[in-house]
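The values are calculated or read from the model by the stated rules, or taken from the named source; none is laboratory data. What you are looking at is a predicted structure, and each value in this text was computed from that prediction instead of being measured. Every residue, glycine as well, gets a Cβ built from its backbone with ideal geometry; the counts of neighbours run over all protein chains shown. For the accessible areas, the whole protein counts, side chains as well, though only heavy atoms, and no ligand, DNA or RNA atoms are used. Shrake-Rupley method; radii C 1.70, N 1.55, O 1.52, S 1.80 Å.
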Amino acid sequence: MSVDWLSRFEGLNALEPALRDRLVERSRMISVPKGERVFGSGKRPENLLMLISGTVRVQQTSDTGREIVLYRVHAGESCVLTTASLLAHEAYAAEGVAETDVKAVAIPRAVFDELIATSKHFRDFVFAAYSRRITDLFYVIDEIAFRRVDIRLAQKLIELQSNGKALQATHQQLAAELGTAREVISRQLQEFQRRGWVELARGEVRLTDATALRNLSTSS
């Protein structure tokens, strides 16, 4: 495998040449098509995945079937849940789904364990990424616990808008993004429609007054 992929990940270029060569030789490139599960809850990780391209959505499902999106892994990033599971030798507590076609480098557990034990630069890389994502997760908790749903929904609609086209998203998908119930999102979207801010169709939300939504999204 080419060493070029190392340059996509800040910190890995600092590895000692011998460790860089070992990492490249013992890792492999994998592809996961859009919509496929990258990893599943209850299964132990065999590799640390470093995304070269694409996006992985990490989500958790409750016993009642309610979903919440925890975070997304983008190109140039690794998955903090995989890191945590590898370090603790425990199974995944959530699942990862490919939102797009994904290409990633798979670093085997044995190589991960070896580099964690022997390379300060690799440890620094792993724990810096871990720290950043934990901060993001605390932000998610704060959003769910303390911010009004209407503000968060307006913010998410603005975020997902692309070139003025209708958003291809169901009420259930938006509920998972915001960590709430589908019924709550449906009621809020109907209120937005009553105000003339959106138009609703099956599996679609069209923004008709993005300014009003943006003003709401920035209110406290």
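What is the distance, in nm, between label points placed 7 Å from the Cα along the Cα-to-Cβ direction at Ser53 and at Ala145?
4.0 nm
At 1.4 Å probe size, with no ligands or nucleic acids counted, give the accessible surface of Thr208 in Å², nearest ten.
70 Å²
Can you give the convex hull volume per residue for the Cα atoms of the chain, as a whole number of Å³?
Measuring per residue, one finds 136 Å³ for the Cα hull of the chain.
Can you give me the relative contact order of the range 29-180 as a percent, contacts being Cα pairs under 8 Å and 6 or more apart?
For the range 29-180, the relative contact order is 30 percent.
Assuming 0.36 nm per residue, please report the length gained on full extension of the stretch Thr61 to Thr135 beyond their Cα-Cα distance.
24.5 nm
Quote the FRET efficiency, to the nearest 0.05, computed for Arg109 versus Ala14 with a Förster distance R0 of 22 Å and r equal to the Cβ-Cβ distance.
FRET efficiency, Arg109 to Ala14: 0.50.
Would you mind giving the average projected area, over all directions, of the Cα convex hull of the range 136-215 in nm² with one decimal?
Taking the Cα atoms of the range 136-215, their convex hull projects to 5.1 nm² on average.
Say R0 is 41 Å: what FRET efficiency, to the nearest 0.05, do Ala88 and Ala201 get from their beta-carbon distance?
The calculated FRET efficiency here is 0.35.
With θ set to phi - 60° and the Karplus curve 6.51 cos²θ - 1.76 cosθ + 1.60, what are the ³J(HN,Hα) couplings of the range 14-31 in order, to the nearest whole Hz, using x for Gly and Pro?
Each residue's phi maps through the Karplus curve to give 7, 4, 4, x, 5, 6, 4, 5, 5, 5, 5, 5, 9, 9, 9, 8, 10, 10 Hz.
State the percentage of accessible surface on the chain attributable to carbon and sulfur atoms; use a 1.4 Å probe and exclude ligands, DNA and RNA.
Summing carbon and sulfur atoms, their accessible area is 48 percent of the total for the chain.
What is the set of long-range amide H partners of Ala94 at a cut-off below 5 Å, with H atoms built 1.01 Å from backbone N?
Gly42
Tell me which residues come under 5 Å, amide H to amide H, from Leu70 once H is placed; ignore anything under 5 positions away on its chain.
Under 5 Å from the amide H of Leu70: Val58, Gln59, Gln60.
What is the local net charge at Val140, summed over the other residues whose Cβ is closer than 12 Å to its Cβ (Lys, Arg +1; Asp, Glu -1)?
Charge balance near Val140 sits at 0.
Roughly how far apart, in whole Å, are the Cα centres of the range 157-220 and the range 57-124?
About 30 Å separates the Cα centre of the range 157-220 from the one of the range 57-124.
Which value in Å does the Kirkwood hydrodynamic radius of the range 73-134 take, with 1/r averaged over all unlike C-alpha pairs and then inverted?
Hydrodynamic radius (Kirkwood, Cα pairs) of the range 73-134 is 12.7 Å.
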